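The values are calculated or read from the model by the stated rules, or taken from the named source; none is laboratory data. None of these values were measured; they are calculated from a predicted model. Cβ sites come from the backbone with ideal geometry, for glycine too, and all protein chains shown count toward neighbours. Each accessible area value is taken on the protein alone, full model and side chains, heavy atoms only, with ligands, DNA and RNA left out. Shrake-Rupley method; radii C 1.70, N 1.55, O 1.52, S 1.80 Å.
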Amino acid sequence: IKDSSGDLENMLSMCKNFDNFDVYAGSETYFLPVLNAGGAGTITATGNITAKKCVELYKGFKENSDSVDELQQKLTGERELLQKACSSVGFSSGLKIIMSSLKNDDQWKICRPPFALSNDNIAKEVISIFKSWFIIQFFCQMYKTNDIEKFFNGLSKIPQFDNFKASKAKELQNELLK
């Protein structure tokens, strides 16, 4: 069963009380807790975007890796970002806009009822939020830091980015994840 209710206690209860079927979390947010409770994994709408980290988490879980909690936090953060980026148009429609951009294929933008059709302004807003956070995450990984202020300090030393100041880092981070 895939449980997309968002009710973690219900998912954990099913893992504990039913041996005759597998329980899948409907979101990456609950992936590790469901695995820890004996669940099978996750089936998620954002799998086209988060698949690599989901695989890393699953492998780490199977290998009893110390990194699974950190991977779970990253997946949860990505899920929150995707929900924020898609909020103006709806989650499914927004994900299709993001996939269209990532694949450079307008066919991904096609939405059938009951999902909302997007216009160019909404698509630009969704992509702007997604790409802004993606760029920050990329550079933070490249410079091996989770400290967004450290990232902005480094970025502000590059002439093209001299208007990015570390003092605005937290403000931007909070705005992107609202």
Checking Ala37 against (1) open to solvent by 50 Å² or more (accessible area, probe 1.4 Å); (2) modelled with pLDDT of 95 or more; (3) not basic (Lys, Arg), the condition it does not meet: (1)
Out of region 15-24, which residues are open to solvent by 20 Å² or more (accessible area, probe 1.4 Å) and either touching a Lys or Arg at 6+ places or on another chain (Cβ under 9 Å) or in contact (Cβ under 8 Å) with a residue 24 or more places away in the chain (or both)? Tyr24
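Does region 25-34 contain any residue that is open to solvent by 80 Å² or more (accessible area, probe 1.4 Å) and either in a helix (DSSP H, G or I) or at pLDDT below 90 (or both)? It would help to see each step written out before you state the result.
Going residue by residue through region 25-34, those that are open to solvent by 80 Å² or more (accessible area, probe 1.4 Å) are none.
The answer is no; no qualifying residue exists.
Each row is one residue, and each column tells you yes or no for (1) in a loop (DSSP other than H, G, I, E, B); (2) surrounded by fewer than 16 Cβ atoms within 10 Å (Cβ to Cβ); (3) modelled with pLDDT of 70 or more.
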residue	(1), (2), (3)
Trp108	no, no, yes
Ser118	yes, no, yes
Phe152	no, no, no
Lys157	yes, yes, no
Asn163	yes, yes, no
What are the residues in region 41-78 that are over 28 Å from Trp108 (Cβ atoms) and open to solvent by less than 30 Å² (accessible area, probe 1.4 Å), if any? Gly60, Val68
